[in-house]
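Here's the structure we're looking at; comments come further down.
The values are calculated or read from the model by the stated rules, or taken from the named source; none is laboratory data. Computed from a predicted structure; not experimentally measured. Every residue, glycine as well, gets a Cβ built from its backbone with ideal geometry; the counts of neighbours run over all protein chains shown.
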Amino acid sequence: MPSPSLWRHVLRNNFTDWRALAKYLQLDDTQLQQLSHDRRFATNVPMRLASKMAKGSLDDPITRQFLPHVQEEIQFPGYSCNPVGDEESRLAPRLLHKYHGRALLLTTSACAMHCRFCFRQHFDYANGGDRSFAKELEIIRAESSLREIILSGGDPLSLDDRELGFLLRELDSIPHVKHLRFHSRFPIGIPERIDDAFLEILTSTSLQLWFVLHVNHPHELDDDVLTAMERLRGIGVQILSQTVLLQGVNDDVDTLEALCLRLVDHGIVPYYMHQLDRTEGTAHFEVDEKCGGELVRELEARLPGYAIPRYVREVAGQASKSAVMVTSEYSLLN
Ligand SMILES: *Cc1c(COP(=O)(O)O)cnc(C)c1O
Ligand code: SF4
């Protein structure tokens, strides 16, 4: 029997009990009362992230993203369990096709961490379904317009190497599929995932590889994380980032500037900054689009164009992500 990978071992040490995490963070009684005990979307936080959280505070930008807050239990009109029309674009249990030329494979529901703002936290992944992706691969094979497959989830890096290797070989054997993209947040919590075995799987494919790292705050980008991303870049993978604009986490220009600079300093191109998808339980994270637009304008005054992500939101039924207005029109209108 091969010994379990290091990253599996690290994953097993995640905080999965909000009480244990609260204790570790030395929260007082008043703060404890602000935590949600709702078990619907369980607490799941890697040690690495917990160790970055300021003790005795609920306002730390990392803490805010991962500790369940009572505000999650408040229902708001307009916040739903299917905010971006995923259900309508589902070709097979694990395949979404919204945009021309690319389709998204929901490889797994598992993640290295549970982000409280996640727009797929209510998603029905059809778990226990077919893990061989037979139906999904059959559709991809038959649809010659699909040049790119995006591995998403959940987090595709939760799959073990055997499953990933199988998927990559299958996709590599489809002539019209040229690009393979990972959408992942895994290295932020467990950079050990980018190990030799994973790199070997990637080097053995002829698909062109893109890796979109989900990162929201510069504190998430420590040296180990950046080294892991550099290893990926070293084997020719293009690295992009995506960020969700989150109230109390990154909704100020200094934080966004620091994030973008840290990314480009390490060869990672900021790709998208997403307006929050209106998922039930996440209203307290929303930043007004007008404020978001102002933030981007301020970034434009400070950074080169390639260091600024495109500010977009997802509108169900549209042919692509939609740009959020960043021009001075807002100031003219208001
Ligand atoms: C966001 C998304 C994509 C990727 O869109 P790009 O603009 O190419 O980054 C593809 N499929 C689905 C279903 C998506 O939600
Ligand atoms: S890692 Fe991604 S998919 Fe998983 S909970 Fe966080 S935002 Fe959602």
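Note on segment 268-299: residues that are in a helix (DSSP H, G or I) and either touching a residue at least 60 places away in the same chain (Cβ under 8 Å) or in contact with a Cys (Cβ under 6 Å, 6 or more places away or on another chain) (or both) total 3.
Checked against (1) touching a Gly at 6+ places or on another chain (Cβ under 7 Å); (2) away from ligand 1 (no atom under 16 Å from the Cβ), residue 305 passes all but a single condition, namely (1).
Pairing residues of segment 94-117 that are under 16 Å from residue 213 (Cα atoms) with residues that are near ligand 2 (Cβ under 8 Å from one of its atoms) and among the basic types (Lys, Arg), at Cβ distances under 8 Å and at least 6 apart in sequence or on separate chains, gives 111/185; 112/185; 113/185; 115/185. Residue 150 meets each of the listed conditions (1) within 16 Å of ligand 1 (Cβ to nearest atom); (2) modelled with pLDDT of 95 or more; (3) more than 30 Å from residue 284 (Cβ to Cβ) apart from (3).
Do we have residue 140 as in a strand (DSSP E or B) and either under 30 Å from residue 313 (Cα atoms) or touching a Pro at 6+ places or on another chain (Cβ under 8 Å) (or both) here? Answer is no for this residue. Total residues in segment 87-114 satisfying the condition of being within 18 Å of residue 167 (Cβ to Cβ), small (Gly, Ala, Ser) and surrounded by fewer than 21 Cβ atoms within 10 Å (Cβ to Cβ): the figure is 2. The requirement of being among the acidic types (Asp, Glu) and surrounded by 15 or more Cβ atoms within 10 Å (Cβ to Cβ) is fulfilled nowhere in segment 28-49; no residue meets it. Scanning segment 132-147 for residues that are in contact with a Lys or Arg (Cβ under 9 Å, 6 or more places away or on another chain) and surrounded by fewer than 19 Cβ atoms within 10 Å (Cβ to Cβ) turns up 135, 147. Here the condition is being closer than 16 Å to residue 179 by Cα, among the aliphatic types (A, V, I, L, M) and in a loop (DSSP other than H, G, I, E, B); of 146, 151, it holds for 146 alone. For residue 117, the requirement of being assigned to a loop (DSSP other than H, G, I, E, B), among the aromatic types (Phe, Trp, Tyr) and surrounded by fewer than 20 Cβ atoms within 10 Å (Cβ to Cβ) is not met. Under 18 Å from the mean Cα position of the chain (by Cα), of a type in the set (A, V, I, L, M) and within 14 Å of ligand 1 (Cβ to nearest atom): does that describe residue 249? So residue 249 fails the test. Checking each residue in segment 305-314 for being in contact (Cβ under 8 Å) with a residue 24 or more places away in the chain and either assigned to a loop (DSSP other than H, G, I, E, B) or surrounded by fewer than 15 Cβ atoms within 10 Å (Cβ to Cβ) (or both) picks out 306, 308, 309, 314.
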